[in-house]
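> There's a structure below that I have some questions on.
Any read-out appearing in this document is the output of simple, stated calculations on the displayed coordinates, not a laboratory observation. Computed from a prediction, not measured in an experiment: that's the story for all the values here. As a convention, Cβ positions derive from the backbone with ideal geometry for all residues, glycine included, and neighbour counts pool all protein chains shown.
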Amino acid sequence: MGPPGAGKGTQAKFIADHFGIPAISTGDIFRANVSQGTPLGVEAKRYMDAGEYVPDEVTNRMVRNRIDEPDAAHGFLLDGYPRTLAQVEELDGMIKFTGHELDGVVVLTVDSEEIVQRLLQRAQTEGRADDTEDVIRRRQEVYVEQTQPLIEVYKERGVVHEIDGLGEVDDVTKRIFDALEVVRES
Ligand code: B4P
């Protein structure tokens with residue numbers, strides 16, 4: 001978890017490679033559907049371009065289908081999910097059903113001005129439709145309103161690892177590995 005631009009997608013790839021599990025990014029799945037012009041993509045695009053969340057029902061169904069794939073049978077990393085309280089409840093149900101356990105929640109913390117700069121830079125290199133300054137600020141507001149409160153929910157369960165997301169990408173990765181190895185060893 002972490003605000004838009006905190007480095008979730010960047011770090012998810014390293015964590016997934018390290019632990020030999022798939023990284024399931026809801027944002028990436030939505031973007032793949034948008035570029036293929038699927039009905040899901042057409043629906044998601046309206047929300048994404050405005051910086052709003054895609055409705056829970058659509059997102060939950062998509063994640064349920066994805067974690068049913070054989071490569072997720074022995075574990076998976078979720079990137080960008082859950083983002084709402086309804087998604088937390090849905091994920092609890094999915095995990096119970098598949099017999100998995102939630103080992104940990106990594107929260108990346110980054111100062112909000114740094115985030116805007118990172119995303120504006122990404123706009124120049126990748127040209128993502130939701131990386132304009134107005135939409136970036138709206139995405140941050142939505143994060144604070146809808147997703148930040150979930151950190152408390154997971155803190156009460158004792159599974160949160162807060163990681164400083166500032167600094168070199170490699171240094172952030174090392175901080176995450178250090179936190180997660182402790183979980184694996186315990
Ligand atoms: P996401 O794809 O998750 O987009 P994001 O929040 O911007 O994170 P991303 O992973 O791309 O960026 P990262 O922080 O790695 O979501 C996009 C949209 O999809 C949402 O707005 C929403 O509409 C929809 N959506 C997704 N999940 C949903 C859900 N569960 N429910 C409803 N709707 C959902 O990296 C940002 C930039 O920073 C990169 O350019 C990177 O190179 C750079 N960077 C990373 N680490 C750095 C570091 N240490 N130093 C400097 N730069 C760094």
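> Taking amide H positions as placed 1.01 Å from N in the peptide plane, with prolines and chain starts having none, which residues 5 or more places from VAL106, or on another chain, fall under 5 Å of its amide H?
Sorted by chain and number, the residues that satisfy this are HIS161.
> What percent do you get for the relative contact order of the chain when only Cα pairs under 8 Å and 6+ apart count? Write down the numbers at each step before the final one.
On the way: 206 pairs, mean separation 57.3, N = 186.
So the answer I get is 31 percent.
> Go through the range 60-66 residue by residue and turn each phi into a ³J(HN,Hα) via Karplus (6.51, -1.76, 1.60, θ = phi - 60°); whole Hz please, and just put x for glycine and proline.
For the range 60-66, the Karplus-derived couplings read 4, 4, 5, 5, 4, 5, 5 Hz, x marking Gly and Pro.
> Pop out the ³J(HN,Hα) list for the range 23-40 in order, Karplus 6.51 cos²θ - 1.76 cosθ + 1.60 with θ = phi - 60°, rounded to Hz; leave Gly and Pro as x.
3J(HN,Hα) across the range 23-40, in whole Hz: 8, 9, 9, 4, x, 5, 5, 4, 5, 5, 5, 4, 6, 8, x, 6, x, 4.
> Which part of the range 1-22 falls in the paramagnetic zone of VAL144, meaning amide N under 20 Å from the point 7 Å along Cα-to-beta-carbon?
Output list for this probe position: 1-8.
> To the nearest 0.05, what FRET efficiency results for GLU101 and ARG122 with a Förster distance of 41 Å applied to their C-beta separation? Provide the component values of the computation, followed by the final result.
On the way: r = 34 Å, r/R0 = 0.83.
Step by step, r from the Cβ atoms, then E = 0.75.
> Now for a different question. Which GluC sites (Glu not before Pro) does the range 105-182 hold that lie in a coil by DSSP with at most 14 other beta carbons within 10 Å? Display every interim value, and only then the final one.
Details: sites: GLU113, GLU114, GLU126, GLU133, GLU141, GLU145, GLU152, GLU156, GLU162, GLU168, GLU181; in loops: GLU168.
For GluC sites (Glu not before Pro) across the range 105-182 that sit outside H, G, I, E and B with at most 14 neighbouring Cβ atoms in 10 Å, the list reads GLU168.
> Just round it to a whole percent: the fraction of Cα-Cα distances in the range 15-66 exceeding 18 Å.
Working: 431 of 1326 pairs.
Cα-Cα pairs in the range 15-66 separated by more than 18 Å: 33 percent.
> Count of lysine pairs in the chain with Cα atoms under 28 Å apart, counting only pairs 8 or more residues apart in sequence or on different chains?
Lysine pairs meeting both conditions in the chain amount to 10.
> So what are the ³J(HN,Hα) numbers for the range 157-169, from phi and the Karplus equation (6.51, -1.76, 1.60; θ = phi - 60°), rounded to whole Hz, Gly and Pro as x?
8, x, 10, 8, 10, 8, 10, 5, x, 8, x, 5, 3
> Further, regarding this structure: Dipole of the chain, Cα-centred, from +1 at each Lys and Arg C-beta and -1 at each Asp and Glu C-beta, to the nearest 20 debye? Write out the running numbers ahead of the final one.
Numbers: 21 positive and 36 negative charges, 88 e Å.
Dipole size: approximately 420 debye.
> Here's another thing I want to ask about it. Relative to the present Cα-Cα distance, how much length would full extension add between VAL88 and ILE151 at 0.36 nm per residue of separation?
On the way: separation 63, 0.36 × 63 = 22.68 nm, distance 1.07 nm.
Separation in residues times 0.36 nm, less the Cα-Cα distance, equals 21.6 nm.
> Mind checking which of GLN36, GLN148, GLN11 has the largest fluctuation in a GNM of the chain, springs on alpha carbons under 10 Å?
GLN36
> Would you please give the FRET efficiency between GLU162 and ARG46, computed as 1/(1 + (r/R0)^6) with r the Cβ-Cβ distance and R0 = 35 Å, to the nearest 0.05? Provide the component values of the computation, followed by the final result.
Values: r = 33 Å, r/R0 = 0.95.
E(calc), rounded to 0.05, equals 0.60.
> Give me the Kirkwood hydrodynamic radius of the range 8-185, using the inverse of the mean 1/r over all pairs of distinct Cα atoms, in Å to one decimal. If you can, show how the numbers build up before the last one.
Values: mean 1/r = 0.0582 Å⁻¹.
Evaluated over the range 8-185, this radius sits at 17.2 Å.
> Given a 10 angstrom Cα cut-off, can you work out which residue in LEU78, LEU40, LEU108 is the most mobile in a GNM of the chain?
In the Gaussian network model the winner is LEU40.
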